[in-house]
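Report on the structure given below.
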Amino acid sequence: MIYIDQELCTGCRSCADVCPVDAIVGEFGQPQSVDQELCVMCGQCVQVCSSYASILDEGIAPREQKLAERAMLPSVKEPLFAAYNQGKALKVKEALADPDKYVMVQVAPAVRVAIAEEFGMPLGSLAPGQMAAALRRLGFDRIYSTDFTADLTIMEEGHELIERVTKGGTLPMFTSCCPAWVKYLEQTYPELLPHLSSCKSPQQMAGALFKTYGAKVDKVDPAKVYSVSVMPCTCKDFEANRPEMKASGHQDVDVVITTRELAHLIKDAGIDFASLTEEEYDRPLGLYTGAGTIFGATGGVMEAALRTAYEVITKKPIPELDLEYVRGGEGVRYATVQVGDLELKVCVVSGLKHVAPVLEQVKAGTADFHFMEVMTCPVGCVSGGGQPKALLPKDRICARTARTASTYKHDGELRHRKSHENPDIKKIYKEFLGKPLGEQSHHLLHTTYTPRRRDA
Amino acid sequence: MCALNAFVVADPNKCIGCKVCEVACAVVHSDVPVKTVGQMTTPIIPRLYLVKTAEVTMPVQCRHCEDAPCANACPVGAITQRDGIIYVDQEACVGCKTCMLACPFGAMEMVPYYRNGERVKQLRLTEETGEGPVLQDAFVASKCDRCIGVEGGPACVANCPKEALRVVRPDELRRTRNLEAALAVLESVKNVIG
């Protein structure tokens with residue numbers, strides 16, 4: 001949940017300028033508040049807010065009290081700003097100290113291109129190995145990566161798209177990995193919900209697998225598994241707490257923290273991040289391809305899906321892996337891709353405020369594409385509300401560019417770059433899931449949506 | 001050379017009160033380089049201050065006065081003029097607050113002193129506590145130095161999202177105003193003569 005500290009807000013409404021759903025309520029010059037029903041929890045207001053708690057202001061509540069209100073670790077030294085998201089780091093610290101819990105962690109693609117910033121390294125530094133090492137020092141029992149289930153999402157969503165196109169399902173199909181976008185569609189265009197892919201987000205796929213396949217691999221009681229997620233996103237906690245997210249028979253993801261909160265935990269434990277030597281993620285749920293890691297950038301899901309769909313449909317290797325035409329910045333992009341006999345038309349929307357005109361076309365039946373990726377944050381998850389917050393406006397832009405560049409660099413350097421070539425993806429289908437869109441997949445990896453239109 | 005000291009001033013009609021200027025000021029004056037909030041281990045200590053009342057919203061900062069009352073009042077000579085900037089030597093400051101009394105704008109503040117991200121203590125001054133004498137925290141005078149040595153000039157001006165701040169160069173200011181006045185006269189004369 002996103003809040004605005006009434007004591008700190010000056011009412012400049014810079015947050016209202018970036019809010020994609022007009023959820024910031026208040027008169028100019030007066031403290032603002034968040035319309036929680038409208039809010040999609042993208043946290044862009046948290047990123048842009050510059051009204052800080054000053055040590056020179058004697059009229060405000062003490063820092064200790066504010067840290068407690070925000071559920072932040074008491075050891076956090078950084079300045080506090082008016083717009084914030086409720087933290088969960090205390091819960092993670094508690095779980096790590098509990099000997100009865102078997103704590104598994106997943107980290108999203110965009111976290112590895114940003115976390116190092118909090119330790120003084122340049123904006124956009126790529127640090128997957130150091131992050132894995134830091135997570136191990138923190139005491140997590142299994143270090144997994146959401147990039148693996150991003151690969152799995154491609155297997156499921158790719159096949160879903162092929163099925164919808166060839167068998168006459170609802171088109172165009174929309175991606176469903178961004179929880180803010182899903183909530184927006186549920187509350188603003190509930191009539192378009194059949195267009196959403198039924199695939200859970202990579203976070204929720206991982207959650208469902210941790211307490212089933214993951215527990216089985218490690219021979220632990222699923223009830224003892226505590227599932228932690230580290231996300232660049234301030235909405236993923238909402239997604240984890242959706243009532244339907246209990247496919248494993250337990251709460252699939254127990255707690256979600258942001259990139260910033262992971263940095264707080266690392267500092268709290270006295271770990272010197274910059275001096276850590278790189279380590280590997282655990283297998284099987286931590287092995288990932290370049291296709292999985294580009295989920296962090298706008299156009300990444302589309303690119304990853306095309307790399308796989310092309311090869312599944314044509315049974316030939318894709319001639320070019322870097323699909324520059326779906327990459328880019330904020331706004332709407334269209335592309336047409338020849339996949340065998342099929343002329344596949346795609347649309348990529350980056351920044352939720354740009355989606356409404358496209359949805360109006362879909363409603364009117366004039367939208368001319370098969371598949372649309374939507375990411376709420378300006379350039380995708382790398383610019384998420386839970387990412388390190390730049391102090392200066394210009395550095396906010398530099399960080400986005402640098403994190404995006406590192407994401408594609410990581411993709412280029414990984415051994416496998418197509419989701420269907422991930423050896424552990426092949427293995428999980430063979431050992432546990434059966435086939436994409438199969439019965440086990442349907443039960444664990446797919447979901448349903450809830451219209452939530454506000455009463456007029 | 002008779003150049004007057006330049007200063008930064010805000011336009012209250014443009015200012016929205018977001019405090020980006022204060023944050024930017026603290027960032028460029030931080031003694032350890034910082035880019036993200038999480039890197040900061042010290043409070044944000046700016047050198048200009050947002051005034052926000054029902055009537056007016058704008059930051060206030062030093063005018064770099066020609067006959068700087070702060071410098072005149074400083075008993076230890078810690079405030080001098082350097083390249084048109086009234087400058088506080090924080091190492092020399094004793095924290096007497098006379099400059100605060102002297103400044104007609106409230107541009108001077110006593111702030112906690114940090115070096116390498118660590119709080120600096122007084123050399124000898126202790127306070128008695130239950131656990132014996134404890135060295136007192138150091139406080140020093142702090143004010144706008146017009147971002148002396150900062151590439152791109154004053155950070156408040158460069159980062160304001162509403163372009164509400166500007167550097168005023170008094171000699172240019174007079175010439176600009178003279179020109180505007182002359183053009184206004186020309187306009188009114190035209191109107192009279194037709």
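The values are calculated or read from the model by the stated rules, or taken from the named source; none is laboratory data. None of these values were measured; they are calculated from a predicted model. Here Cβ is always computed from backbone atoms with ideal geometry, including for glycine, and neighbour counts include all displayed protein chains. Heads up: the accessible areas ignore ligands, DNA and RNA and are worked out on the full protein's heavy atoms, side chains in. Shrake-Rupley method; radii C 1.70, N 1.55, O 1.52, S 1.80 Å.
Worth a mention:
- Across segment A:201-220, a minimum of one residue is classified as assigned by TED's automatic domain parsing to the domain that holds A:Ala390, closer than 30 Å to A:Lys363 by Cβ and in contact with a strand residue (DSSP E or B) (Cβ under 8 Å, 6 or more places away or on another chain).
- Looking across segment A:126-175, the residues that are small (Gly, Ala, Ser) and either under 30 Å from A:Ile266 (Cβ atoms) or open to solvent by 10 Å² or more (accessible area, probe 1.4 Å) (or both) come down to A:Ala127, A:Gly129, A:Ala132, A:Ala133, A:Ala134, A:Gly139, A:Ser145, A:Ala150, A:Gly168, A:Gly169.
- Of the residues making up segment A:273-289, at least one is surrounded by fewer than 20 Cβ atoms within 10 Å (Cβ to Cβ) and among the small types (Gly, Ala, Ser).
- Taken over segment A:368-412, the residue count meeting the criterion of being assigned to a helix (DSSP H, G or I), free of Cβ contacts under 8 Å to residues at least 24 places away in the same chain and buried (at least 20 other Cβ atoms within 10 Å of the Cβ) is 1.
Table: residues versus (1) among the aromatic types (Phe, Trp, Tyr); (2) over 21 Å from A:Met41 (Cβ atoms).
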position: A:Gly331; (1), (2): no, yes
position: A:Val346; (1), (2): no, yes
position: A:Ser350; (1), (2): no, no
position: A:Cys377; (1), (2): no, no
position: A:Pro388; (1), (2): no, no
position: A:Asp395; (1), (2): no, yes
position: A:Tyr408; (1), (2): yes, yes
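- Taken together, the residues in segment A:21-42 that are more than 13 Å from chain B (Cβ to nearest Cβ) and either closer than 22 Å to A:Leu391 by Cα or touching a Pro at 6+ places or on another chain (Cβ under 9 Å) (or both) amount to 4.
- Among the conditions (1) open to solvent by 40 Å² or more (accessible area, probe 1.4 Å); (2) within 30 Å of B:Asp67 (Cα to Cα), B:Val32 misses just one, which is (2).
- The set of residues from segment A:212-225 being open to solvent by 10 Å² or more (accessible area, probe 1.4 Å), under 16 Å from A:Asp282 (Cα atoms) and not hydrophobic (A, V, I, L, M, F, W, C) comprises A:Lys216, A:Asp218, A:Lys219.
- Filtered by the rule that a residue be within 8 Å of chain A (Cβ to nearest Cβ), under 22 Å from A:Lys389 (Cα atoms) and not in a loop (DSSP other than H, G, I, E, B), segment B:27-49 gives B:Val27, B:Thr36, B:Val37, B:Gly38, B:Gln39.
- Index of the failed condition, A:Thr166 passing every other in (1) in a helix (DSSP H, G or I); (2) farther than 17 Å from A:Leu433 by Cβ; (3) of a type in the set (Ser, Thr, Tyr); (4) modelled with pLDDT of 95 or more: (4)
- Test for A:Ala291: is it in a strand (DSSP E or B) and touching a residue at least 12 places away in the same chain (Cβ under 8 Å): no
- Sole exception among (1) away from every other protein chain (no Cβ under 14 Å); (2) closer than 23 Å to B:Gln122 by Cα; (3) part of a loop (DSSP other than H, G, I, E, B); (4) aliphatic (A, V, I, L, M) for B:Ala3, by number: (2)
- Members of segment B:67-79 that are in a loop (DSSP other than H, G, I, E, B) and either out of contact with any strand residue (DSSP E or B) (no Cβ under 6 Å at 6 or more places or on another chain) or within 17 Å of B:Phe139 (Cα to Cα) (or both): B:Asp67, B:Cys74, B:Pro75, B:Val76, B:Gly77, B:Ala78
- Lone unmet requirement of (1) part of a loop (DSSP other than H, G, I, E, B); (2) farther than 25 Å from A:Ala127 by Cβ; (3) open to solvent by 20 Å² or more (accessible area, probe 1.4 Å) for A:Gly329: (2)
- Test: A:Phe119 is buried (at least 23 other Cβ atoms within 10 Å of the Cβ), of a type in the set (Phe, Trp, Tyr) and touching a residue at least 12 places away in the same chain (Cβ under 8 Å): yes
- Within segment A:334-349, none of the residues are outside any loop (DSSP other than H, G, I, E, B), over 23 Å from A:Thr314 (Cα atoms) and open to solvent by 60 Å² or more (accessible area, probe 1.4 Å).
- If only residues of segment A:25-73 that are over 22 Å from the mean Cα position of the chain (by Cα) and of a type in the set (D, E, K, R) are counted, the one that is nearest to B:Ile45 (Cα to Cα) is A:Asp57.
- Of all residues assigned to segment A:413-435, none qualifies as being open to solvent by less than 50 Å² (accessible area, probe 1.4 Å) and within 14 Å of another protein chain (Cβ to nearest Cβ).
- Some residue of segment B:57-70 being at the interface with another protein chain (Cβ under 8 Å from one of its Cβ atoms) and open to solvent by less than 10 Å² (accessible area, probe 1.4 Å): no
- Flag for B:Val94 being aliphatic (A, V, I, L, M) and over 18 Å from B:Ala73 (Cα atoms): no
- Residue match in segment B:7-24 (condition: modelled with pLDDT under 95 and under 27 Å from A:Glu64 (Cβ atoms)): no
- All positions within segment A:376-399 that are out of contact with any Gly (no Cβ under 8 Å at 6 or more places or on another chain) and either away from chain B (no Cβ under 13 Å) or under 13 Å from A:Val111 (Cβ atoms) (or both): A:Ser383, A:Gln387
- Residue under evaluation A:Cys42, criteria (1) within 30 Å of A:Leu135 (Cβ to Cβ); (2) of a type outside the set (A, V, I, L, M); (3) free of Cβ contacts under 8 Å to residues at least 12 places away in the same chain, criterion not met: (3)
- Any hit, segment A:76-85, residues being of a type in the set (Lys, Arg) and away from chain B (no Cβ under 14 Å): no
- Filtered residue count, segment A:1-17, keeping only those that are in contact (Cβ under 8 Å) with a residue 60 or more places away in the chain and touching a helix residue (DSSP H, G or I) at 6+ places or on another chain (Cβ under 6 Å): 1
- Test: A:Gln387 is in the same structural domain as A:Thr293 (by TED's automatic domain parsing) and within 17 Å of the chain's Cα centre (by Cα): yes
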